[in-house]
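The values are calculated or read from the model by the stated rules, or taken from the named source; none is laboratory data. Note that the coordinates shown come from a computational prediction; the quantities given were computed from them, not determined experimentally. Every residue, glycine as well, gets a Cβ built from its backbone with ideal geometry; the counts of neighbours run over all protein chains shown.
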Amino acid sequence: MKERTIAFLTTSHLPFDDRIYYSMAISLSKSYNIVIVATTQNIREISGNINVCAEDKADFSKTEKIDFFLNQLKAYRPGVIICSEPLPIIAAYKYKRKEAEKVSILYDITEWYPSKKQLIHESFPAKIYVFFKLLFFNLFASCFVDGFIFGERYKSLPYRLAFPLKKWALISYYPNLDFIKFVEASLNPKHVCLGYTGKISLEKGIKNVWEVAKTIKLKRPELEVKVKVIGWFGDEKEEKIFNQLISTNNGISVELLGRQDFITFSETLKDIDIFLDLRKIDLENSRCLPIKLYYYIACGRPVIYSNLKAIRKEIEVNQFGYLVKPNNADLISNYILNYIDHSDIFLKHSHRARELALNNYNWRAIEPAFLNYIQKFQN
């Protein structure tokens with residue numbers, strides 16, 4: 001019987017997050033009891049050795065969130081706590097100091113902290129103050145962890161520099177293929193479906209994708225062009241901008257689906273021919289490895305991405321797609337039309353993408369390294 005418990009704490013991820021639940025928790029549940037504690041959604045569920053304990057506390061104070069985490073830790077008494085943000089680290093450290101001195105605290109870093117999304121609503125002078133306030137809070141919290149898990153190389157650098165003696169492991173965003181629905185690629189020369197997923201905003205490239213679709217339609221009027229958008233709006237302003245973009249659709253079909261959970265997400269991707277991610281290239285974006293890149297590869301489809309440093313560091317996209325300047329609609333549309341005119345290139349890129357997913361970029365390939373790392377913190 002499994003008696004040891006590992007807890008995941010998060011203030012920003014949903015409890016059934018693909019990385020937390022479908023990769024890390026499921027792998028660890030073979031040897032440990034798992035509890036996932038989140039403040040993003042109201043749900044209580046037990047599945048095998050995984051206990052999900054989540055309450056939506058978006059409007060609660062930091063102190064109230066810490067108390068919620070602390071109460072759950074006291075109830076489940078884990079030996080290892082994996083935190084996704086600084087605030088849960090503080091709760092974990094309070095638990096360690098008062099209740100369980102031998103507990104190990106790990107920080108799973110997948111986002112920049114602070115990030116520009118935390119500063120977007122601040123005036124310019126306030127941005128500077130809030131940036132340094134969050135930065136120092138993050139560094140302060142990081143002092144209390146026993147080790148780091150990094151999702152990518154660029155985001156590991158500040159922590160490895162600030163805490164050179166702490167243990168760390170690089171565990172990337174590779175998906176668990178057991179939960180990816182794969183449909184063999186094919187391309188209708190009379191129809192093309194372009195895919196956009198994630199937050200729907202100018203900054204993430206929705207206007208650039210729309211300009212590509214319009215350019216394709218202008219160059220090839222007889223071609224049926226569809227844009228499938230799967231995601232969410234950050235606020236009403238972004239939704240209004242999107243509606244204005246598609247109001248003159250120029251004969252382009254648009255399908256808009258809301259945020260999907262991980263299980264249904266890959267199902268919604270199966271009719272997309274080519275995935276586009278044309279986000280703005282800036283200091284932060286260029287050093288962020290898009291998680292969904294690996295899910296697109298797993299679906300066995302070509303991709304066209306903004307030419308980000310983080311992508312160039314990790315994978316040769318030219319094996320299954322293109323890296324581009326995100327606002328170069330003319331060049332991007334030519335790449336897409338070339339796929340349509342030369343189905344052999346489309347199929348070559350599709351098959352290579354799926355092959356890379358099966359052989360390299362999947363959770364099973366890095367699962368042993370993750371499990372071995374966690375084992376180091378068992379007391």
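Taking first residues from region 244-272 that are among the hydrophobic types (A, V, I, L, M, F, W, C) and partners that are part of a strand (DSSP E or B), the Cβ contacts under 6 Å between residues at least 6 apart in sequence or on separate chains come to ILE246/VAL254; ILE252/VAL225; VAL254/VAL227; LEU256/VAL229; LEU257/ILE230; ILE272/CYS193; ILE272/GLY195; ILE272/LYS228.
Listed by first and then second residue, the pairs linking a residue in region 55-80 that is in the same structural domain as TYR32 (by TED's automatic domain parsing) to a residue that is part of a helix (DSSP H, G or I) and among the aromatic types (Phe, Trp, Tyr), with Cβ atoms under 6 Å apart and 6 or more places separating them unless they lie on different chains, are LEU70/TYR95; LEU73/TYR95. Taken as a whole, the condition of being in contact with a helix residue (DSSP H, G or I) (Cβ under 6 Å, 6 or more places away or on another chain), without any contact (Cβ under 8 Å) to a residue 40 or more places away in the chain, part of a strand (DSSP E or B) and not hydroxyl-bearing (Ser, Thr, Tyr) applies to ILE34. The residue that is nearest to PHE144 (Cα to Cα), counting only those in region 158-198 that are among the polar types (S, T, N, Q) and surrounded by 17 or more Cβ atoms within 10 Å (Cβ to Cβ), is SER172. Pick from region 297-329 the residues that are of a type in the set (Ser, Thr, Tyr) and free of Cβ contacts under 8 Å to residues at least 60 places away in the same chain: which of them is farthest from LEU347 (Cα to Cα)? So, considering only residues that are of a type in the set (Ser, Thr, Tyr) and free of Cβ contacts under 8 Å to residues at least 60 places away in the same chain, the one farthest from LEU347 (Cα to Cα) is TYR305. Each residue in region 347-365 was checked for being within 18 Å of ASN188 (Cα to Cα) and within 26 Å of the chain's Cα centre (by Cα), and 3 of them qualify.
Any residue at all in region 345-363 that is part of a strand (DSSP E or B), farther than 20 Å from LYS181 by Cβ and not assigned by TED's automatic domain parsing to the domain that holds TYR107?
no
Screening region 207-280 for strands (runs of 3 or more DSSP E) wholly inside it with 2 or more residues that are among the aromatic types (Phe, Trp, Tyr) returns no ranges. Each residue in region 307-342 was checked for being part of a helix (DSSP H, G or I) and either among the aliphatic types (A, V, I, L, M) or surrounded by fewer than 20 Cβ atoms within 10 Å (Cβ to Cβ) (or both), and 20 pass.
When PHE137 is tested against (1) exposed (fewer than 14 other Cβ atoms within 10 Å of the Cβ); (2) in a helix (DSSP H, G or I); (3) under 27 Å from the mean Cα position of the chain (by Cα); (4) of a type outside the set (S, T, N, Q), only condition (1) is not met.
Contact map, region 142-169: first residue in the same structural domain as PRO86 (by TED's automatic domain parsing), second residue surrounded by fewer than 17 Cβ atoms within 10 Å (Cβ to Cβ) and small (Gly, Ala, Ser), Cβ cut-off under 8 Å, separation 6 or more or different chains; pairs are SER142/ALA162; ALA169/ALA369. Within region 106-132, if we keep just the residues that are of a type in the set (Val, Ile, Thr) and surrounded by 13 or more Cβ atoms within 10 Å (Cβ to Cβ), the residue that is nearest to LEU289 (Cα to Cα) turns out to be THR110. When PRO302 is tested against (1) within 18 Å of the chain's Cα centre (by Cα); (2) surrounded by 20 or more Cβ atoms within 10 Å (Cβ to Cβ), just one condition goes unmet, and that condition is (1).
Of the residues making up region 14-31, those that are in a helix (DSSP H, G or I) and either in contact with a Leu (Cβ under 9 Å, 6 or more places away or on another chain) or more than 15 Å from TYR76 (Cβ to Cβ) (or both) number 10. Just to be sure before I move on: is GLY234 farther than 15 Å from LEU276 by Cβ and in contact with a strand residue (DSSP E or B) (Cβ under 8 Å, 6 or more places away or on another chain) in the structure I sent? For GLY234, the condition - farther than 15 Å from LEU276 by Cβ and in contact with a strand residue (DSSP E or B) (Cβ under 8 Å, 6 or more places away or on another chain) - is met.
Table: residues versus (1) surrounded by 21 or more Cβ atoms within 10 Å (Cβ to Cβ); (2) under 20 Å from GLN375 (Cα atoms).
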{"position": "THR10", "(1), (2)": "yes, no"}
{"position": "TYR22", "(1), (2)": "no, yes"}
{"position": "GLY48", "(1), (2)": "no, no"}
{"position": "ASP59", "(1), (2)": "no, no"}
{"position": "PRO78", "(1), (2)": "yes, yes"}
{"position": "SER104", "(1), (2)": "yes, yes"}
